[in-house]
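Report on the following structure.
The values are calculated or read from the model by the stated rules, or taken from the named source; none is laboratory data. Since the model is a prediction, treat every value here as computed from it, not as a measurement. When we count neighbours, we look across all protein chains shown, and the Cβ atoms used for this are built from the backbone with ideal geometry, even at glycine.
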Ligand SMILES: Nc1ncnc2c1ncn2[C@@H]1O[C@H](COP(=O)(O)OP(=O)(O)O)[C@@H](O)[C@H]1O
Ligand SMILES: C[C@@](O)(CCOP(=O)(O)O)CC(=O)O
């Protein structure tokens, strides 16, 4: 088998981040900062993983990998399959299940999951000796989908290594769907409960509106907008953020639900504008309309609203306690 290089773009969510986890609409566009995975055969009875961005390298004996029990068939729910696979990995490789915020463990488990599942599906458990290297232009933990790009590029690289991707671009719908499904499962390991928007936009590219686990509409060509992305360099971990939003939502659904509904409306209206923009050469008249949508979204930014909700709870508690 020959050396393979596969890459995935990053993404930006224009509207609907977090709300999309609650079944609301979100609009995302791909960003041309890429994560690249190289898979090359080696003459050693091991699988090697090199993650220079995390300054870490690991290797596992193929004979140990072969002892890992097979997970249930494809028809079970993705989260159940992933949790079963993680238990098997833990038992056989004698390592802890990923600690929720440990970047290296999250990446290593996502990698092992994909290597094992894709090899089992297409090589019947005949695990190849390979050296795998993943590098990225995307900053990690900056909301640009580095984890999804990691998962998508790995899935695509393994499928290509096994000759399972068409030798033409763009890839077929079937190929893309399979890459996205594997990447979603790996994202469960990194994120916990992903909505599925990140693996979708990083797989299919372009721009899309996503809701309730599905791509509702897709634009292969993004209108030529100039969008300024600012990296605040404030470290954040998506798994933790999603969990904290969930906790806040559960504490005060009556306050948070209307915020999510408002974000949903903003996402849908913005998508309408983007669609109209992709059908015209006169973009200028749309800019002020899009700007209003961004301003409205900022007003509804979940974090602000949630903090507001927390304040209300605090006030209520103060009231109760005199
Ligand atoms: N280049 C990379 N090499 C190794 N792991 C990566 C790489 N890019 C992303 N990851 C994994 O993805 C995680 C970041 O995911 P997340 O917190 O969702 O942030 P982001 O918003 O960038 O997707 C990292 O902690 C790491 O586990
Ligand atoms: C916060 C969320 O809406 C997007 C997460 O994006 P990122 O991994 O932070 O780039 C979570 C999700 O959609 O699963």
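Values as computed for the structure displayed
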read-out: Single condition residue 271 does not satisfy, out of (1) at pLDDT 90 or above; (2) closer than 24 Å to residue 23 by Cα; (3) out of contact with any strand residue (DSSP E or B) (no Cβ under 6 Å at 6 or more places or on another chain); value: (3)
read-out: Residues of the stretch 138-153 satisfying the condition of being near ligand 2 (Cβ under 8 Å from one of its atoms), on the phi < 0 side of the Ramachandran plot and either surrounded by fewer than 24 Cβ atoms within 10 Å (Cβ to Cβ) or part of a loop (DSSP other than H, G, I, E, B) (or both); value: 142, 144
read-out: Residues of the stretch 112-154 that turn out to be farther than 15 Å from residue 4 by Cβ and within 16 Å of ligand 1 (Cβ to nearest atom), as a count; value: 18
read-out: The stretch 155-170, residues that are more than 12 Å from residue 202 (Cα to Cα) and either assigned to a helix (DSSP H, G or I) or within 16 Å of ligand 1 (Cβ to nearest atom) (or both); value: 157, 158, 159, 160, 161
read-out: Which listed residue, of 59, 48, is assigned by TED's automatic domain parsing to the domain that holds residue 112 and in contact (Cβ under 8 Å) with a residue 24 or more places away in the chain; value: 48
read-out: From the options 101, 71, 91, residue that is within 16 Å of ligand 2 (Cβ to nearest atom), modelled with pLDDT under 90 and assigned by TED's automatic domain parsing to the domain that holds residue 155; value: 101
read-out: Filtered residue count, the stretch 205-233, keeping only those that are assigned by TED's automatic domain parsing to the domain that holds residue 102, within 15 Å of ligand 2 (Cβ to nearest atom) and part of a loop (DSSP other than H, G, I, E, B); value: 2
read-out: Filter result for residue 164 (farther than 29 Å from residue 272 by Cα, assigned by TED's automatic domain parsing to the domain that holds residue 138 and without any contact (Cβ under 8 Å) to a residue 40 or more places away in the chain); value: no
read-out: Selected residue [surrounded by 14 or more Cβ atoms within 10 Å (Cβ to Cβ), free of Cβ contacts under 8 Å to residues at least 60 places away in the same chain and farther than 23 Å from residue 110 by Cα] from 228, 273; value: 273
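Let's see how each residue does on (1) over 20 Å from residue 184 (Cα atoms); (2) in contact with a helix residue (DSSP H, G or I) (Cβ under 6 Å, 6 or more places away or on another chain):
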{"residue": "48", "(1), (2)": "yes, no"}
{"residue": "60", "(1), (2)": "yes, no"}
{"residue": "63", "(1), (2)": "yes, no"}
{"residue": "71", "(1), (2)": "no, yes"}
{"residue": "77", "(1), (2)": "no, no"}
{"residue": "82", "(1), (2)": "no, yes"}
